Amino acid sequence: MALTTVTGAAILRPELVDELLVQPVLAQSVAAQVSRIVQIESKSFRIPRITADATAQWVAEGAEITPSDAAFAETTVTPAKVAGLTVVTRELADDSSPEAARVVGESLARDISRQIDAAYFGNLSAPAPAGLGSLATTGANTVTVVSAGTSWTSVDAFLEARFKAADLGTEIGAWCANPADALLLSKIKQSSGSQQNLLSPDPTSPATRVIDGTVLLTSPSVPTGIVWGIPADRSVFVIRTDAEILTDRSVFFTSDRVAVRAVTRAAFGFPHPAALVRIRMGA
């Protein structure tokens with residue numbers, strides 16, 4: 001049955017939607033943690049980028065300076081709709097306590113966060129937004145690829161990735177790996193016969209590991225055998241501010257339950273793909 005003004009109603013006040021849906025999504029999504037977040041109210045967001053710098057030159061004292069122009073282009077990001085649906089009892093839906101609303105909001109936020117990360121690290125078909133998996137690895141305007149060999153035995157590939165990003169004027173802010181690869185990396189020892197792990201813990205968060213001083217984040221959405229090095233200034237996470245949480249009391253009439261639907265819109269922009277480093281096992 002279609003949601004109508006008779007059967008549908010907001011379970012949360014508008015001011016609570018941001019607190020219980022948008023903010024948790026941004027906090028739980030790995031994609032949001034490694035990117036520059038932009039919240040918009042319009043349909044699309046344009047990201048300017050320079051394709052060629054202006055040309056500087058050495059000139060003699062009093063000589064004319066030849067003018068030159070930088071070449072600009074832009075990347076347009078149009079957020080796509082991502083929605084979550086859960087079912088709660090009527091008693092919980094009618095409960096006005098903040099804790100009841102938080103339970104519903106957290107459940108929907110987790111579901112939406114998983115879908116966002118799947119799109120960010122993958123190459124899902126439309127209407128999902130294009131993610132890292134859609135970026136080319138050969139030809140023009142490609143991501144930078146670094147080989148880690150046939151197994152995770154050292155962090156040399158991560159050092160190479162860091163310097164390749166530095167050559168492009170940026171710094172990797174986080175490594176993103178599948179939990180299975182993160183486990184293998186965590187088992188690397190400092191030397192043969194040593195029992196001390198090569199990866200060090202983050203002093204501010206003992207459960208977090210760092211590689212060469214940069215935090216290692218995990219997501220099941222990252223394909224195994226691949227670790228992404230993401231500079232936050234070269235990955236843009238665009239999210240619309242008009243998120244909503246609606247209820248429908250008619251769908252599950254016979255069981256006296258309420259359908260709760262959360263909708264938000266998000267997408268990603270990569271204005272400088274070459275600054276994104278893809279470390280992979282294999283040739």
Q) Out of all the residues in segment 138-170, which are part of a loop (DSSP other than H, G, I, E, B), within 17 Å of I188 (Cα to Cα) and open to solvent by 40 Å² or more (accessible area, probe 1.4 Å)? A) T150, S151, T153, S154
Q) Considering I226, I230, which residue is touching a Lys or Arg at 6+ places or on another chain (Cβ under 9 Å) and at pLDDT 95 or above? A) I226
Q: State whether the residues of segment 53-75 include one that is within 20 Å of the chain's Cα centre (by Cα), open to solvent by less than 80 Å² (accessible area, probe 1.4 Å) and modelled with pLDDT of 75 or more.
A: yes
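Any chance you could count how many residues in segment 211-225 are open to solvent by 20 Å² or more (accessible area, probe 1.4 Å) and either free of Cβ contacts under 8 Å to residues at least 60 places away in the same chain or within 12 Å of G122 (Cα to Cα) (or both)? Lay out the reasoning, then the answer.
Going through segment 211-225, the residues open to solvent by 20 Å² or more (accessible area, probe 1.4 Å) turn out to be 212-213, 215, 217-218, 220-221, 223-224.
Applying the additional criterion that residues be either free of Cβ contacts under 8 Å to residues at least 60 places away in the same chain or within 12 Å of G122 (Cα to Cα) (or both) yields 212-213, 215, 220-221, 223-224.
Selection size over segment 211-225: 7.
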Q: May I ask you to list pairs of residues, at least six apart or on different chains, whose Cβ atoms are under 7 Å apart, with the first in segment 78-92 being open to solvent by 60 Å² or more (accessible area, probe 1.4 Å) and the second being among the hydroxyl-bearing types (S, T, Y) and outside any strand (DSSP E or B)?
A: T78/S44
Q) Just checking, how many residues over segment 93-125 are at pLDDT below 90, open to solvent by 20 Å² or more (accessible area, probe 1.4 Å) and among the hydrophobic types (A, V, I, L, M, F, W, C)? A) 1
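The values are calculated or read from the model by the stated rules, or taken from the named source; none is laboratory data. These figures come from a predicted structure and were not determined experimentally. Positions of Cβ are backbone-derived with ideal geometry, glycine not excepted, and every protein chain shown enters the neighbour counts. The accessibility values were calculated without ligands, DNA or RNA, using every heavy atom of the protein model including side chains. Shrake-Rupley method; radii C 1.70, N 1.55, O 1.52, S 1.80 Å.
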